[in-house]
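Student: Got a structure here, written out as structure tokens. Questions coming.
All of the numbers you see were taken from the coordinates with simple rules; none came from a lab. From a predicted model like this one, the values you see are computed outputs, not experimental measurements. Cβ placement follows ideal geometry from the backbone for every residue including glycine, while neighbour counts extend to all protein chains displayed.
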Amino acid sequence: MAKAPHSFFARIYDLFMVPQDRFGLRHQRQRLCNEAAGKVLEIAIGTGLNIPHYRDAETVVGIDNNRAMLRRAIRRTWETKIPIDLVAADARALPFPDSTFDAVVVGLSLCTIPDPAMTLEELRRVTVPEARLHFLEHVRSTKPSIARRQDRFARLWERISGGCRANQDTAGLINESNWTINDMWSSDGGGLIQGTALAD
Ligand SMILES: C[S@@+](CC[C@H](N)C(=O)[O-])C[C@H]1O[C@@H](n2cnc3c(N)ncnc32)[C@H](O)[C@@H]1O
């Protein structure tokens, strides 16, 4: 099966996400963005569903490698007074100098970006030594029955969702990188994790 084209994915993304936001995901997005302070980088910003939730950020730079998603995100920049810059870029090779940002936000994306370990390393490069990484990610569930189902449908889901590896151990990947998880909590039967990691 061929991967869905970028513009198609961008068109259906909000239809798929907005109901999930209404039924709870919005509160997790608020929590994700509320504490991100200073110069913030959001990677894989998509259609910008996190944008209205920034509170303490001085500026936000949002990157994504799908221009069709970014075009949709532009409208959401009008929902906040915080200056937001949108840049087409690959999270694995960011077009920013070392130590540019105070914090990074990543939502539902370390499971989709092809090389999360390389991405985490790149995030460390572009952030200051005391930076924080705020994350909200779909992961392999801690409940064996759910995890087995995720494993069974993993390949099919990856193909229809634009590359999402829903059974990835993202917390493990973060701790193996040059970030260390500082606090983390989970929901959805352990299939959704949220928290903060500190730069090593
Ligand atoms: C599931 S969406 C999440 C969008 C948004 N963060 C949210 O919370 O709604 C995953 C996003 O990752 C982006 N993406 C995938 N690979 C990427 C890469 N290598 N560099 C930058 N963005 C990437 C996709 O274009 C898509 O917008």
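Student: Please compute one quarter of the surface area of the Cα convex hull for the range 1-55 and express it in square nanometres.
Tutor: Values: hull surface 18.8 nm².
Quarter of the Cα hull surface area: 4.7 nm².
Student: Additional query: Fewest Cβ neighbours within 10 Å first, please rank TRP179, TRP78, TRP157 accordingly.
Tutor: In increasing order of surrounding Cβ atoms, one gets TRP78, TRP157, TRP179.
Student: As a footprinting exposure proxy, order LYS143, LYS81 by other Cβ within 10 Å, with the fewest listed first.
Tutor: Values: LYS143 14, LYS81 7.
Listing LYS143, LYS81 from fewest to most nearby Cβ atoms yields LYS81, LYS143.
Student: Related question: Could you put VAL18, VAL61, VAL126 in order, starting from the residue whose Cβ has the fewest other Cβ atoms within 10 Å?
Tutor: Going from sparsest to densest Cβ surroundings: VAL18, VAL126, VAL61.
Student: Follow-up question, since we're still on this one. How many nm is it between the label spots at ILE74 and ARG148, if each spot is 7 Å from the Cα in line with the beta carbon?
Tutor: About 5.0 nm separates the two model spin labels.
Student: Also: Of the peptides 28-36, 93-101, how do they stack up when ordered by the mean number of other Cβ atoms within 10 Å, highest first?
Tutor: The packing order, highest mean first, is 28-36, 93-101.
Student: Okay, next question. Taking 0.36 nm per intervening residue step and subtracting the Cα-Cα distance, what contour gain separates ALA88 from GLU130 on full extension?
Tutor: That pair, ALA88 and GLU130, stretches by 12.5 nm at full extension.
Student: Take every DSSP beta bridge with both residues inside the chain and express the antiparallel ones as a percent of the total, to the nearest 5. All intermediate terms of the calculation are to be shown ahead of the outcome.
Tutor: Numbers: 16 of 37 bridges.
Around 45 percent of the beta bridges assigned by DSSP in the chain are antiparallel ones.
Student: What distance in nm separates the simple spin-label points at ASP56 and ALA117, each placed 7 Å from Cα in the Cβ direction?
Tutor: Computed distance between label sites ASP56 and ALA117 equals 3.3 nm.
Student: Next up: Normalised by the number of residues in the chain, what is the relative contact order in percent for Cα pairs under 8 Å and 6+ residues apart? All intermediate terms of the calculation are to be shown ahead of the outcome.
Tutor: Numbers: 419 pairs, mean separation 38.6, N = 200.
Computed value for the chain: 19 percent relative contact order.
Student: I would also like to ask the following. So if I restrict to the alpha-carbon atoms in the chain, what is the Rg, and what is Dmax, the biggest pairwise distance, in Å?
Tutor: My reading of the Cα-based Rg and Dmax gives 15.8, 44 Å.
Student: Here is a further query. Per-residue ellipticity at 222 nm for the chain, helices alone: DSSP H runs ≥ 4 residues times -39500 (n - 2.57), over residue total, nearest 500 deg cm²/dmol?
Tutor: So the helix-based figure for the chain works out to -10500 deg cm²/dmol.
Student: Starting from the amide H of ALA131, placed 1.01 Å from N in the peptide plane, find each other amide H under 5 Å away whose residue is 5 or more places distant or on another chain.
Tutor: It is ALA199, by chain and number.
Student: Near ARG132, within a Cβ-to-Cβ distance under 11 Å, what is the net charge of the other residues, with Lys and Arg +1 and Asp and Glu -1? Each step should come with its number before you reach the end.
Tutor: On the way: positive: none; negative: GLU35, ASP102, GLU130, ASP183.
With Lys, Arg at +1 and Asp, Glu at -1, the net is -4.
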